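Please read the structure below before turning to the comments.
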């Protein structure tokens, strides 16, 4: 009889555990919905209700035993009651609802704060960008390229923005003071042609004599002020006859045939 009673008690405990876990899962989802979680629409795919249900179910199954043991000890000591499992099941279900409500509400508050922080950051960047647009020399005077905050980000973005017109003198000063962004500066259309030509000669010498590819060479060739003769010089370089510089070869092959075709048409027009 004792063994049968123990078996029945075990079955009832497992049944209560399963029911409590399922009910807690639903209550966690209901709590999140009460906090503002939208209910899935027909045809839509939203995993959040399922996530709350699974987390609530697993948490209830894990917590029921410890909560029941704690209540059993408390109630036996204070009141001599043996209904600790039922009280524990009700407590866990209530906690599941409150946890679902609190977690979703907390996530919405965190999302709102992140959104406000992002909006504030965007406003700051816009203000810094407007400052560069109104006075590009500020990046040299205040050495924005040396700081590690939004000023450096705004400066870097401005170098590739055609709407922000730097003076040639400013680009020259930046090229001297900020070697880390040399390629961006060489690609800027406001750069002085003399500086661009000087740096092209150096980059071409590195390519042909040292067989070294310089990232600045790409920037020079992509600059709107790049001369056709420069592309022709690179195309004629022995360095491009091998397979060592595929990216540079692709750039030259993309631009040079069009230039050669244009030159051929020009010669034909002159002969006519």
Only residues that are out of contact with any helix residue (DSSP H, G or I) (no Cβ under 9 Å at 6 or more places or on another chain), modelled with pLDDT under 80 and surrounded by 10 or more Cβ atoms within 10 Å (Cβ to Cβ): list them for the stretch 12-49, please.
-> 46
Filter result (modelled with pLDDT of 70 or more and buried (at least 18 other Cβ atoms within 10 Å of the Cβ)) within the stretch 61-90 | 63, 64, 67, 68, 84, 85, 88, 89
Among the residues of the stretch 106-147, write down those that are under 18 Å from the mean Cα position of the chain (by Cα) and closer than 22 Å to residue 166 by Cβ.
-> 125
When both residues are 6+ apart or on different chains and their Cβ atoms are under 8 Å apart, which pairs have a first residue that lies in the stretch 109-123 and is assigned by TED's automatic domain parsing to the domain that holds residue 152, and a second that is assigned to a helix (DSSP H, G or I)?
-> 121/150
Residue 192: passes all of (1) over 35 Å from the mean Cα position of the chain (by Cα); (2) free of Cβ contacts under 8 Å to residues at least 24 places away in the same chain but (2)
Hey, can you tell me all the residues within the stretch 115-159 that are under 13 Å from residue 178 (Cα atoms) and part of a helix (DSSP H, G or I)?
-> 139, 140, 141, 144, 145, 146, 152, 155, 156, 159
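Evaluate the following for residue 173: is it outside the structural domain of residue 221 (by TED's automatic domain parsing), surrounded by fewer than 19 Cβ atoms within 10 Å (Cβ to Cβ), under 29 Å from the mean Cα position of the chain (by Cα) and farther than 16 Å from residue 225 by Cα?
Values: outside the structural domain of residue 221 (by TED's automatic domain parsing): yes; surrounded by fewer than 19 Cβ atoms within 10 Å (Cβ to Cβ): yes; under 29 Å from the mean Cα position of the chain (by Cα): no; farther than 16 Å from residue 225 by Cα: yes.
In short, no.
The values are calculated or read from the model by the stated rules, or taken from the named source; none is laboratory data. All figures in this text were calculated on a predicted structure; none of them were measured in a lab. Cβ sites come from the backbone with ideal geometry, for glycine too, and all protein chains shown count toward neighbours.
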